[in-house]
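Below is one structure; the comments refer to it alone.
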Amino acid sequence: MQTYDLIVIGAGAAGLLGAGTAAESGLSVLLIEKMEKPARKIRISGKGRCNITNTKQHDDFLEHVYPDSRFLNSALRNFSNFQTIDFFNSLGLKTVVERGERVFPESGKAWDVADCLVNWAKKSGVEIICNTKVKSLNIENNKICSVNADCNNIEKIIEAKYFLITTGGISYPLTGSTGDGYNFAKQAGHTITPLQPSLVPLEIKNHDIQLNKLQLKNVSLSLWVDGEYVDEEFGEMEFNVKGVTGAITLRLSRNAVSAVVAKKQVELKVDLKPALSSEQLQNRILREMQTLQTIEPLLRKLLPQQIIATFAKKANIRQNNKITDLDIKKIIETLKEMTFEVSGFSNFNESIVTAGGVSLKEIDSRTMKSKITENLYFAGEVINLDANTGGYNLQIAFSTARLAAQNIIKK
Ligand SMILES: Cc1cc2nc3c(=O)[nH]c(=O)nc-3n(C[C@H](O)[C@H](O)[C@H](O)COP(=O)(O)OP(=O)(O)OC[C@H]3O[C@@H](n4cnc5c(N)ncnc54)[C@H](O)[C@@H]3O)c2cc1C
């Protein structure tokens, strides 16, 4: 039976980059994937366009990484977002930089990114087997000697000198990331920190279904926990059947989810007119009122039709009434701070990433090597690292995988 130099478990972003890097330097590498095709998550990433990475400077990049960005420092220095861009460009995949310094393939197709990685890994000498699920590790004297795998209903024991776990989190499980890596890590003596959905839609108490599918652009959304201001994002948000989603909601969701889990009172306040101060709004309303009689046509001038009824309810004003000074005050207050109480969040099926994972304390951040089991490494989302939207999460996968593979090569 062949003993590989390295077995990589999971052919997603981290697995492909890690396996390819090791194979390029001459190691015999087996990459095991349980789905019928590698990189299913990359293929649906970035709404099918794949936001590969971004062009933020090092420190700026790290500000978007949780729960402890220092852990990523060495990996990002070793294989930075700029090196990722060069890497894909050198493989013939042209990239473009868009708003927010986000990097996408020029073709606009996430499939091109996935295929580029798969082809490169294969060319580098990686043996990829799909439809093969690793079920458990065989560990002797604190060292993994082999994995038990189910290959199309045939049980196999496959041996290697080193093992890299890149099984991802438990978000979007239909892509294959079902959390198996957490069990392997536990088997190898690791702690898994509590898992929570992140970059996830939030549910609103007594949600007004009328708002479903309404998109708000150029608004400011702030998160409040137990009456205290936490954070704020500017951009686009969207309502769904249960509450809110869209870029700025997702970015606030990590903190919101933690607060909901801790049973705290969580509120989202939308500033519908962030470019205007209350004073400027008042002047505008007074100008408009010179030709208008009632509240309703005024609201139509200020807001999208779909939100008017909910807005009037929240502001406690009657649309058909003649406008009073008190109404103007209430309208301005609600325009600057339309409050929604958060009652929950969507589950892992709808969360872009998993927060939590293999404890950072038990992995050497300079090598990605397990501090517990001798020949074990981790990379990607299985580690307790997650980040904002904007290409950060894929970059975490690439940087940690590159560092792990390079250290395995050194051994
Ligand atoms: C809808 C969506 C859109 C996203 N868009 C972006 C984006 O545009 N930019 C960005 O930076 N991030 C994005 N992300 C997040 C990003 O895709 C992930 O963080 C990243 O793919 C994680 O890479 P990974 O290699 O660690 O894990 P994954 O990509 O999840 O790969 C893990 C692989 O391991 C395999 N596997 C699991 N268990 C086993 C087992 N027992 N045996 C064999 N194989 C196994 C899985 O089938 C899977 O192929 C998005 C996520 C989602 C869900």
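The values are calculated or read from the model by the stated rules, or taken from the named source; none is laboratory data. Just so it is clear, the structure is predicted and the values come from calculations on it, not from any experiment. Here the Cβ is made from the backbone with ideal geometry for all residues, glycine too, and neighbour counts use every protein chain on show. Heads up: the accessible areas ignore ligands, DNA and RNA and are worked out on the full protein's heavy atoms, side chains in. Shrake-Rupley method; radii C 1.70, N 1.55, O 1.52, S 1.80 Å.
Can you tell me which lysines have their Cα less than 27 Å from the Cα of Lys123? Leave out same-chain residues fewer than eight positions away.
Lys34, Lys37, Lys41, Lys94, Lys109, Lys133, Lys156, Lys161, Lys369, Lys410, Lys411
To one decimal place, what Kirkwood hydrodynamic radius in Å is obtained for the chain from all pairs of distinct Cα atoms?
About 23.0 Å for the chain.
Have a look at Phe239, Phe71, Phe87 and tell me which one the Gaussian network model of the chain (Cα, springs below 10 Å) gives the largest fluctuation.
Result for the chain, Cα springs under 10 Å: Phe87 fluctuates most.
Please list, in chain and number order, the residues 5+ apart from Ile170 or on another chain whose amide H is under 5 Å from its amide H, with Hs placed from the backbone.
Those qualifying (amide H under 5 Å, at least 5 residues apart or on another chain) are Thr354.
With runs of 4+ DSSP H residues as the only contributors, calculate the mean residue ellipticity of the chain at 222 nm using -39,500 (n - 2.57) per run, divided by the residue total and rounded to the nearest 500.
Rounded to the nearest 500, it is -10000 deg cm²/dmol.
In the chain, with Lys and Arg counted as +1 and Asp and Glu as -1 at Cβ, which of these residues, Ser177, Phe345, Leu216, has the Cα nearest the positive end of the dipole, that is, farthest along it?
The residue sitting farthest along the positive end of the dipole is Leu216.
Can you give the percent of C-alpha pairs in region 201-345 whose distance is more than 19 Å? The partial results should precede the final answer.
Values: 5296 of 10440 pairs.
So the pairs more than 19 Å apart make up 51 percent of the total in region 201-345.
With charges only on Cβ, +1 for K and R and -1 for D and E, what is the dipole size of the chain about its Cα centre, in debye, rounded to 20?
Once rounded to the nearest 20, the dipole reads 420 debye.
Can you work out the accessible area per residue across the chain, with the rest of the protein chains kept in place, probe 1.4 Å, in square angstrom? Let's see the in-between values first.
Details: 18360 Å² over 411 residues.
That works out to 45 Å² per residue.
What size of dipole, in debye to the nearest 20, comes out for region 201-345 about its Cα centre when the only charges are +1 on Lys and Arg C-beta atoms and -1 on Asp and Glu C-beta atoms?
Magnitude of the dipole: close to 400 debye.
Would you compute, for the Cα atoms of region 18-164, the largest minus smallest coordinate along each principal axis and list the three values in descending order, in whole Å?
48, 33, 28
Name the residue farthest towards the positive end of the dipole of the chain from the options Val225, Leu17, Ile295, assuming +1 on Cβ of Lys and Arg, -1 on Cβ of Asp and Glu, about the Cα centre.
Value computed over the given set: Ile295.
Give me the Debye-computed log₁₀ of I(q)/I(0) at q = 0.13 Å⁻¹ for region 186-239, equal point scatterers on Cα only, no solvent, two decimals.
The calculated log intensity ratios at q = 0.13 Å⁻¹ are -0.54.
Could you work out the Rg to Rh ratio of region 82-187, with Rh taken as the Kirkwood radius (inverse of the mean 1/r over all Cα pairs)?
Details: Rg = 17.5 Å, Rh = 16.6 Å.
Reported Rg/Rh (Cα atoms, Kirkwood Rh): 1.06.
Report the relative contact order of the chain, percent, no decimals, based on alpha-carbon pairs under 8 angstrom and at least 6 residues apart.
24 percent.
Cα centroids of region 232-290 and region 354-407: how far apart, whole angstrom?
Distance between centres, Cα-based: 34 Å.
Return the carbon/sulfur percentage of the accessible area of region 198-314, one whole number, probe 1.4 Å, all protein chains in place.
Answer for region 198-314 is 45 percent, counting heavy atoms of protein chains only.
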